[in-house]
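Below is one structure; the comments refer to it alone.
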Amino acid sequence: MIIRQLGQSELKVSVLGMGCWQYGGGAYWGAQLQKDVDEVVHRALDMGINFFDTAEVYNDGESERSLGIALKGKRDQVIIGNKVSTSNVRPSVLKERCEASLKRLGTDYLDLYMLHWPLNPISAKHFSADPDVVNQLPGVQEVFEALFSLQKEGKIRHIGISNHGVQQMKEVQATGVPVVTNELPYNLVSRAIEESILPYCVQNHIGVIGYMPLAQGLLAGTYPTLDDMKPMQTRSRHFHHSRGEGTRHGEEGAEAELAIAIQEIQELAEEIGTDILTLSLAWTVANEAITSTIVGSRNVKQLEANIRGALYPITSDVKARLNEITEPVLRKLGSNPDYYENRSNSRVY
């Protein structure tokens, strides 16, 4: 397993990380047996994967609790990344939320603690229905000083952000509080960060953790056609606003371009003797500006398929062909990586 240094921290993380959203079971991904979580986590460790990503909001804390159970007696072997919701960032609340996460995980420190979404009402309303919370968020300086206090107390080793655009990163940097990573969506059909966000991170030595590398199963070969995808997995701007359950972006989508791209990726994979999942993960991992790519694995079989993708030796010619194939989707969706809100009402800027 390839290991990369995360930003300007001393953390060295595996290029394939474990996304833990499904741990503990929940409405979005369905039931998840603890036995399967234990097997996946232990096998991942055996294969050199050391980075595990969760959040307090995942299954109402059950993801953290399940991960903690699986890591019992193995805490010193892993790097845990956790995320606090935008609605829980007032200093007193933030400290309580951090301590609650530590308790559920069964640890006394977090290696990486990230602000899940930027500080704005559009972000906060997805975590809270309280108008006072949503409309009276503390300022960036106050929030990051509170995070820095947790770091000085030893409750967290490093501070990170997630889903932040260039202007938002500049606002965070202006606080003077060191931030080592930005977690962002990145896959063959979600390449928005390439235009300005990824270059800015590289220039400023901010590590990038990529999530959603298989586009919720679209790039895993799970669904024969777009129409076979579950409504909950079609809420992004890739799809027409009428398709997804709870869709809020109101845009026309890029379904025609998407269908062509998926077909051509499949054909390329067959041509070179592999499959779309392997090719999609290999393309993501091959980008050295992405420190680690996190992907969920519900069982050992899925984990081993993901590992094959991360280790697949993709050539520069194949990478170039994949870029060309997916360019029409990139042009249609644009350079804003908030794929769930309308571009004129984005949480990321």
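Quick notes
- Only residues that are touching a residue at least 60 places away in the same chain (Cβ under 8 Å) and in contact with a strand residue (DSSP E or B) (Cβ under 7 Å, 6 or more places away or on another chain) were counted in the range 57-87, giving 3.
- Failed item in (1) over 24 Å from the mean Cα position of the chain (by Cα); (2) modelled with pLDDT of 95 or more, with D132 passing the rest: (2)
A quick yes/no check of all residues on (1) of a type outside the set (A, V, I, L, M); (2) under 16 Å from R308 (Cβ atoms):
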site: R4; (1), (2): yes, no
site: E10; (1), (2): yes, no
site: S14; (1), (2): yes, yes
site: W21; (1), (2): yes, no
site: G25; (1), (2): yes, no
site: D36; (1), (2): yes, no
site: V41; (1), (2): no, no
site: F51; (1), (2): yes, no
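- Within this structure, M114 fails the test of being part of a loop (DSSP other than H, G, I, E, B) and either under 18 Å from the mean Cα position of the chain (by Cα) or not aromatic (F, W, Y) (or both).
- Identity of the residue in the range 42-61, closer than 23 Å to S128 by Cα and charged (D, E, K, R), that ends up surrounded by the fewest Cβ atoms within 10 Å (Cβ to Cβ): D60
- Residue match in the range 249-263 (condition: within 16 Å of L322 (Cβ to Cβ) and part of a loop (DSSP other than H, G, I, E, B)): no
Yes/no matrix, rows are residues, columns are (1) buried (at least 20 other Cβ atoms within 10 Å of the Cβ); (2) under 21 Å from the mean Cα position of the chain (by Cα); (3) small (G, A, S); (4) not in a strand (DSSP E or B):
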| site | (1), (2), (3), (4) |
| --- | --- |
| V13 | yes, yes, no, no |
| V37 | yes, yes, no, yes |
| V40 | yes, yes, no, yes |
| S63 | yes, yes, yes, yes |
| I69 | no, no, no, yes |
| K72 | no, no, no, yes |
| K83 | yes, yes, no, no |
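- All helices (runs of 4 or more DSSP H) inside the range 266-349 with 1 or more residues being in contact with a Lys or Arg (Cβ under 7 Å, 6 or more places away or on another chain), buried (at least 19 other Cβ atoms within 10 Å of the Cβ) and hydroxyl-bearing (S, T, Y): 276-285, 316-333
- A count restricted to the range 85-110 and to residues that are within 16 Å of E142 (Cα to Cα), aliphatic (A, V, I, L, M) and not in a helix (DSSP H, G or I) stands at 1.
- The set of residues in the range 96-123 that are surrounded by fewer than 20 Cβ atoms within 10 Å (Cβ to Cβ) and in contact (Cβ under 8 Å) with a residue 60 or more places away in the chain comprises N120, I122.
The values are calculated or read from the model by the stated rules, or taken from the named source; none is laboratory data. Remember, it's a predicted structure, so these values are computed and weren't measured experimentally. Ideal geometry is used to build each Cβ from the backbone, glycine not excepted, and the neighbour counts take in all protein chains shown.
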